[in-house]
Amino acid sequence: MFIRALALAGTFYGVCAGGAVPIAPGTYLIEGEATPNRQPDGNSVIIEAPQGLIVIDSGRHKEHSQRVLDFAHAQDRPIAAIINSHWHLDHVGGNPRLRAAFPGIRVYASSAIDAARTGFLVDYRAQLVTEIAASAKNPQAQESMRAEVALIDQGAALGPTDVIAKSAPLNIAGRTLQLHLESHAVTAGDVWVFDPETRVLLAGDLVTLPAPLFESACPARWRTSLARLEKTPFDWLVPGHGAPMRKQGLNVYRKAFSNLLECAAADAGKNHCVDGWINDASVLIDSKDVSYARTLVGYYVENYLRHPTERIQKFCSN
Ligand SMILES: [Zn+2]
């Protein structure tokens with residue numbers, strides 16, 4: 001879909017190794033996959049820098065990180081750095097493979113993965129182990145859950161070598177990027193990146209399609225973060241999941257996000273909130289993803305926005 005959109009906009013330059021699509025000079029997108037029956041991969045963006053390639057988010061599955069490696073090999077350039085927008089496994093899962101291929105690689109991220117590795121990921125791992133034992137009749141499901149456990153067990157190899165502790169311009173691999181840190185939005189520490197040279201903004205999961213995912217989020221602070229994105233003079237915004245968008249797209253997303261929180265806080269029926277999201281964000285949602293979006297929004301309204309667990313309340317109280 002995005003390739004078609006670029007072609008219509010007259011900026012389509014063709015597809016490169018790894019299925020990477022150029023979105024600005026020296027900047028390429030490897031689209032992540034999000035389908036109902038498989039754990040997602042986030043989008044990866046690759047930026048050319050004087051000392052090598054900078055990869056923003058490394059996906060989850062090995063097929064995704066392989067596409068990043070294929071791109072680097074075809075260009076005959078090393079990956080010099082990774083920037084992780086946040087610690088979710090669909091964004092850091094490829095880190096160990098990229099590090100193994102390029103041992104000197106620097107990894108920039110917030111420190112939020114430290115708490116996740118002793119909290120959220122421990123709980124999730126225990127849940128996976130229980131489900132693996134209960135799914136003896138479904139070897140395919142077992143295999144994907146085992147892969148997930150193996151990923152969590154990579155431990156420190158998922159995390160940063162260089163902690164982003166504040167918003168500031170940073171020279172990475174010889175190129176200056178503006179790194180921004182949001183505290184307690186999608187996770188306890190989300191990094192988004194603006195490249196002033198190309199005016200591309202890499203939003204991570206602050207912008208997620210076909211619907212925002214709330215399992216480690218503070219929804220109210222997330223909403224505030226979207227206002228900061230909007231103040232940035234970008235030409236293209238690349239979301240954590242979904243197709244790149246212009247300013248108008250972010251306006252639509254922001255309004256839909258805000259309406260969703262308001263609907264969940266009021267006493268309208270759950271389906272009213274689901275319909276609201278689908279209507280408000282319709283120009284951003286691919287028609288094939290509508291039913292997936294409905295499932296996601298219904299789930300999050302019911303289990304997180306209306307009935308926040310202790311863990312979610314903690315995300316907002318720090
Ligand atoms: Zn994600």
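Just to confirm the filter: which trypsin sites (Lys or Arg not before Pro) across segment 130-187 are DSSP coil and have at most 13 other Cβ within 10 angstrom of their Cβ?
Those that pass, being in a loop and sparsely packed, are LYS137, LYS166.
Check cross-link reach from LYS255 to the aspartates and glutamates: straight Cα distance under 20 Å, and skip same-chain residues fewer than eight apart.
Those aspartates and glutamates meeting the cut-off are GLU182, ASP205, GLU230, ASP235, ASP267, ASP275, ASP280, ASP286, ASP289.
Apply the Karplus curve 6.51 cos²θ - 1.76 cosθ + 1.60, θ = phi - 60°, to the phi angles in segment 168-182 and return the couplings in whole Hz, x for Gly and Pro.
Couplings: 5, x, 9, 8, 10, 6, x, 10, 8, 10, 8, 9, 10, 10, 9 Hz.
I'm a student and want to see the number: the projected area of the Cα convex hull of segment 82-124, averaged over all directions, in nm².
Approximately 3.1 nm², given one-decimal rounding.
For HIS241, list long-range residues whose amide hydrogen, built 1.01 Å from N in the peptide plane, is under 5 Å from its own amide hydrogen.
ASN43, LEU209
I need the calculated FRET efficiency for the pair THR309 and ALA141, taking r as the beta carbon distance and R₀ as 35 Å, to the nearest 0.05.
About 0.90, to the nearest 0.05.
From the backbone phi of segment 302-309, what are the Karplus-calculated ³J(HN,Hα) couplings (6.51 cos²θ - 1.76 cosθ + 1.60, θ = phi - 60°) in whole Hz, Gly and Pro given as x?
5, 9, 10, 6, 8, 10, x, 7
Would you work out what percent of the accessible area of the chain, with all protein chains in place, is carbon or sulfur (probe 1.4 Å)?
52 percent
Which percentage, to the nearest 5, of the DSSP beta bridges contained in the chain is antiparallel?
Bridges in the chain that DSSP calls antiparallel: roughly 65 percent.
Work out which chymotrypsin sites (Phe, Trp or Tyr not before Pro) in the chain are exposed loop sites (DSSP not H, G, I, E or B, at most 16 other Cβ within 10 Å) and give the longest gap free of them.
The reported range is 14-318.
With each label point set 7 Å from Cα along the Cα-Cβ vector, what nm distance links ALA165 and ALA101?
Here the modelled spin labels are 3.2 nm apart.
Please identify the cysteines of the chain that lack any partner cysteine with a Cβ under 4.7 Å from their own Cβ.
Those would be CYS16, since no other cysteine Cβ in the chain comes under 4.7 Å of theirs.
Filter the cross-link list LYS137/LYS270; LYS166/LYS247; LYS62/LYS314 down to pairs whose alpha-carbon distance in this structure exceeds 30 Å.
Where the Cα-Cα span goes over 30 Å, the pairs concerned are LYS137/LYS270; LYS62/LYS314.
Would you kindly derive the ³J(HN,Hα) couplings of segment 110-120 from the backbone phi angles with the Karplus curve 6.51 cos²θ - 1.76 cosθ + 1.60 (θ = phi - 60°), listing them in order in whole Hz, with x for Gly and Pro?
With the stated coefficients, segment 110-120 comes to 6, 8, 4, 5, 4, 5, 4, 6, 10, x, 3 Hz.
What is segment 2-317's relative contact order, in percent, from Cα pairs under 8 angstrom and six or more apart in sequence?
This gives 13 percent for segment 2-317.
For the chain, what does -39500 (n - 2.57) per DSSP helix run (n ≥ 4), summed and divided by total residues, give at 222 nm, in deg cm²/dmol to the nearest 500?
Result for the chain, helices only: -12000 deg cm²/dmol.
Using amide H atoms built in the peptide plane, which far-off residues or other-chain residues are under 5 Å from ILE79 H to H?
Residues meeting the criterion, in which the H sits 1.01 Å from N, are LEU53.
I'd like the per residue volume of the convex hull spanned by the Cα atoms of the chain, given in cubic angstrom.
Cα convex hull per residue, to the nearest whole number: 131 Å³.
If you take every DSSP beta bridge fully contained in segment 92-242, what fraction is antiparallel? Give it as a percent rounded to 5.
65 percent
Mind checking segment 100-208 for GluC sites (Glu not before Pro) that DSSP puts in a loop (not H, G, I, E or B) and that have at most 16 other Cβ atoms within 10 Å?
GLU197
The values are calculated or read from the model by the stated rules, or taken from the named source; none is laboratory data. This structure is a prediction, so every number in the text was calculated from the model and none was measured. Please note: Cβ atoms are built from the backbone with ideal geometry, for glycine as well, and neighbour counts cover all protein chains shown. In case anyone asks, the SASA skips ligands and DNA or RNA and just uses the protein heavy atoms, side chains included. Shrake-Rupley method; radii C 1.70, N 1.55, O 1.52, S 1.80 Å.
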